[in-house]
Ligand SMILES: NC(=O)c1ccc[n+]([C@@H]2O[C@H](COP(=O)([O-])OP(=O)(O)OC[C@H]3O[C@@H](n4cnc5c(N)ncnc54)[C@H](OP(=O)(O)O)[C@@H]3O)[C@@H](O)[C@H]2O)c1
């Protein structure tokens, strides 16, 4: 997806799949007819938090659009959600690090003709190790997924979510967003970006009815550590996947949803303390906890 350097034409508003004629983006979210359920688009829905987000939205009567690379686990989840909750569950196998992933997901959503009321940008991964030795291709992938995809999907779906009047945007950050992460430098930086981006969107959309939330989980037993190739990410209070997703829904259920929420009381205290302490001290502590 190319961004216009001149700013004269906003391709994000006009970008359409090659197979469809140009239409305004808002058509991705046509007004709900009484027969249509609201739908939630959830990325990273083949494992971990994404599965739990999908279960919660389905239990609340949402159709779901499940997005990740692996089709099979998503198909199993889709079958489960349809059987248990009677909702429509759509599976979109997609590598979100691909440059055209946003356009392709939007095309799928348009083709499915679902009434998107929620987007959960949850797909993400981390990498452990000294920055000087980090693999460049992996760095690029990590930024493409954790930063670029989150940014462009937020942007692509935001007009429709705003038009819905009661939309939800959740971007999954991390407690790593609250201080730099020695030996997880890129990951922590991507999550600081997610938190910053999301909180800015929260402010820009205040009073519109849209709920915007950056969720900051602490270490949680998912496939994350295997994908990261290290248990060194396990710093802080461990919560279960359902407990973390509970934190998100409790925040979303509040009349005045906060811009971000840290899962776990001890993690919250650590996040606040990291911002108050002198930077050298915060870095020294972080370095001791995550160091090789
Ligand atoms: N678990 C933790 O301790 C923890 C703590 C703080 C924040 N988080 C954040 O929570 C989010 C979810 O992670 P998790 O813990 O649930 O980890 P997980 O179990 O490893 O799940 C990651 C999900 O992202 C998907 N994904 C990975 N690469 C992708 C790609 N290129 N394109 C599309 N989807 C992709 C994976 O599916 P496929 O492999 O099928 O593509 C999977 O569904 C991430 O953003 C992570 O940074 C996790």
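The values are calculated or read from the model by the stated rules, or taken from the named source; none is laboratory data. This one's a predicted model, so the numbers in the text were calculated from it and none came from an experiment. Cβ atoms come from the backbone with ideal geometry, glycine included; neighbour counts cover every protein chain shown.
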Being more than 9 Å from the ligand (Cβ to nearest atom) and surrounded by 23 or more Cβ atoms within 10 Å (Cβ to Cβ) narrows 162, 213, 197, 156 down to just 213
Restricting the range 75-86 to residues that are more than 12 Å from the ligand (Cβ to nearest atom) and crowded, with 22+ Cβ neighbours inside 10 Å, the residue that is farthest from residue 43 (Cα to Cα) = 81
Test: residue in the range 96-119 that is within 16 Å of the ligand (Cβ to nearest atom), in contact with a strand residue (DSSP E or B) (Cβ under 7 Å, 6 or more places away or on another chain), part of a loop (DSSP other than H, G, I, E, B) and under 24 Å from residue 177 (Cα atoms) = yes
So how many residues does the range 240-267 have that are touching a helix residue (DSSP H, G or I) at 6+ places or on another chain (Cβ under 9 Å) and either in a helix (DSSP H, G or I) or at pLDDT below 95 (or both)?
-> 8
Does residue 188 satisfy the criteria of being within 14 Å of the ligand (Cβ to nearest atom), under 30 Å from residue 238 (Cβ atoms) and free of Cβ contacts under 8 Å to residues at least 40 places away in the same chain?
-> yes
When you scan the range 144-238 for helices (runs of 4 or more DSSP H) that lie fully inside it, which ones turn up with 1 or more residues that are touching a strand residue (DSSP E or B) at 6+ places or on another chain (Cβ under 9 Å)?
-> 150-164, 185-204
Please state which of the following conditions residue 174 fails to meet, knowing it meets all the rest: (1) buried (at least 24 other Cβ atoms within 10 Å of the Cβ); (2) over 24 Å from residue 261 (Cβ atoms); (3) in contact with a helix residue (DSSP H, G or I) (Cβ under 8 Å, 6 or more places away or on another chain).
-> (2)
The range 116-143 residues that are within 30 Å of residue 58 (Cα to Cα), paired with ones that are more than 13 Å from the ligand (Cβ to nearest atom) and outside any helix (DSSP H, G or I) (beta carbon under 6 Å, 6 or more apart) = 116/29; 116/39; 117/38; 117/167; 118/40; 118/168; 119/169
